[in-house]
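Quick notes on the structure that follows.
The values are calculated or read from the model by the stated rules, or taken from the named source; none is laboratory data. What you see is a predicted model; the values in this text were computed from it and never measured. Note that we place each Cβ from the backbone using ideal geometry, even for glycine, and neighbour counts take in every protein chain shown. Note: accessible area is taken over every heavy atom of the protein model, side chains too, but ligands, DNA and RNA are not part of it. Shrake-Rupley method; radii C 1.70, N 1.55, O 1.52, S 1.80 Å.
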Amino acid sequence: MWIILALTSALCLGVYDVMKKLSVRGNNVLIVLMLNTVFGTMLLSPVLFSSIACGDFGFGNTLAGHLLILIKALIVLGSWILGYFAIKHLPLTIQGPVNASRPVMVLTGAVLIFGERLNWVQWTGILLGFVSLYFISRIGAGEGFSLRRSRWLWMAIGAAVLGAVSALYDKYLMQYYRPMEVQAWYSLYQCVVMTSVILLLRRVSPKAAGVATAFSWRWTIPLISLFLTVADLAYFYSLSLDGAMISIVSMIRRGSVMVPFLYGVLVLHERNVRGKLIDLSVLMVSLGLLVIGSSM
């Protein structure tokens, strides 16, 4: 069951990436991100209201519990800020595979921190994931997005690293708290923090912060929150089930790269399709091996 939930999360996450691209292209990134946190909180507000009405403020009504969730919100916001700027300036067929490198980072932490062990089929899948990352880095350099020249590529990598940290942190949180509880409260904290940041930047240095860029409303903006909320709920419940392995769940979620990849090729007509298709095929084989290995 946890694999099915992980696959559902991956599909929604892929559509979420497309909605982000449509929302931030030629638009104010930070305002789009702030609205994303607002809509996300609105979608989960029934959970917050019902808990508060019952006198339950979550996490045992302790300050320590809420501080743990605040840390989660800050980690995710850092990843989102870097990721939103990256997806605005990088081709989807480059940004997607870079983002798909997260499971490699998660794997290292899962083995070292949680003591997870993989069989030879799953290790083969991880190796192919490394091969895929190498291929896409070579293709990106050919399009002018090398590590030497592109700060957007570095932002994509930074977003992936923070995303991996968040995934490992989620496994820890799911041992003590309910998935819906975590989702609702960290969304609220994200909204408060991001709104405060926007107001502060507008007051202190709007040009340096990039918040003076013109903003235009698009209906894809609330869809970012909708698909992300569904993806995260499926993800959290997957991790909460017995036997769920964070390294495998994270790798399956990276299968979401197929959705923005196809959109970039078919709709945006991005370049070097053949090489990127080979890279995507290698990545899909690696994900398939991980799923097969998890049932052995």
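Side notes on the structure shown:
- For TYR172: the one exception among (1) over 30 Å from VAL121 (Cβ atoms); (2) modelled with pLDDT of 80 or more: (1)
- The range 39-59: number of residues that are surrounded by fewer than 17 Cβ atoms within 10 Å (Cβ to Cβ) and modelled with pLDDT of 90 or more: 1
- The set of residues from the range 110-122 being surrounded by fewer than 15 Cβ atoms within 10 Å (Cβ to Cβ) and either under 21 Å from VAL285 (Cβ atoms) or in contact with a Gly (Cβ under 6 Å, 6 or more places away or on another chain) (or both) comprises ASN119, TRP120.
- All positions within the range 207-231 that are out of contact with any helix residue (DSSP H, G or I) (no Cβ under 6 Å at 6 or more places or on another chain) and either over 14 Å from MET34 (Cβ atoms) or modelled with pLDDT of 80 or more (or both): LYS207, ALA208, ALA214, SER216, TRP217, TRP219, LEU226
- Within the range 126-145, residues that are assigned to a loop (DSSP other than H, G, I, E, B) sit with their Cβ atoms under 7 Å from residues that are at pLDDT 70 or above and of a type in the set (D, E, K, R), at 6+ positions apart or across chains, in these pairs: GLU143/ARG271.
- Entirely in the range 152-241, the helices (runs of 4 or more DSSP H) that have 3 or more residues that are open to solvent by 60 Å² or more (accessible area, probe 1.4 Å): 179-204, 220-240
- Matching residues in the range 264-291 - criterion: being open to solvent by 50 Å² or more (accessible area, probe 1.4 Å) and out of contact with any Gly (no Cβ under 8 Å at 6 or more places or on another chain): LEU266, VAL267, HIS269, ARG271, VAL273, ARG274, LEU277, ILE278, SER281
- For the range 84-94, the candidate set comprises residues that are assigned to a helix (DSSP H, G or I) and open to solvent by 10 Å² or more (accessible area, probe 1.4 Å); within that set, the residue that is farthest from THR195 (Cα to Cα) is HIS89.
- Test result for MET34, open to solvent by 50 Å² or more (accessible area, probe 1.4 Å) and at pLDDT 90 or above: no
- Residue within the range 72-83 that is outside any loop (DSSP other than H, G, I, E, B), more than 21 Å from TRP152 (Cβ to Cβ) and among the small types (Gly, Ala, Ser) present: yes
- Residue selection: LEU70 satisfies the criterion of being modelled with pLDDT of 90 or more, open to solvent by 20 Å² or more (accessible area, probe 1.4 Å) and either among the hydroxyl-bearing types (Ser, Thr, Tyr) or under 20 Å from SER187 (Cα atoms) (or both).
- In the range 1-31, the residues that are under 12 Å from ARG253 (Cβ atoms), surrounded by 21 or more Cβ atoms within 10 Å (Cβ to Cβ) and hydroxyl-bearing (Ser, Thr, Tyr): SER9, TYR16
- Those residues of the range 226-244 which are hydroxyl-bearing (Ser, Thr, Tyr) and more than 12 Å from GLN175 (Cα to Cα), in sequence order: THR229, TYR235, SER238
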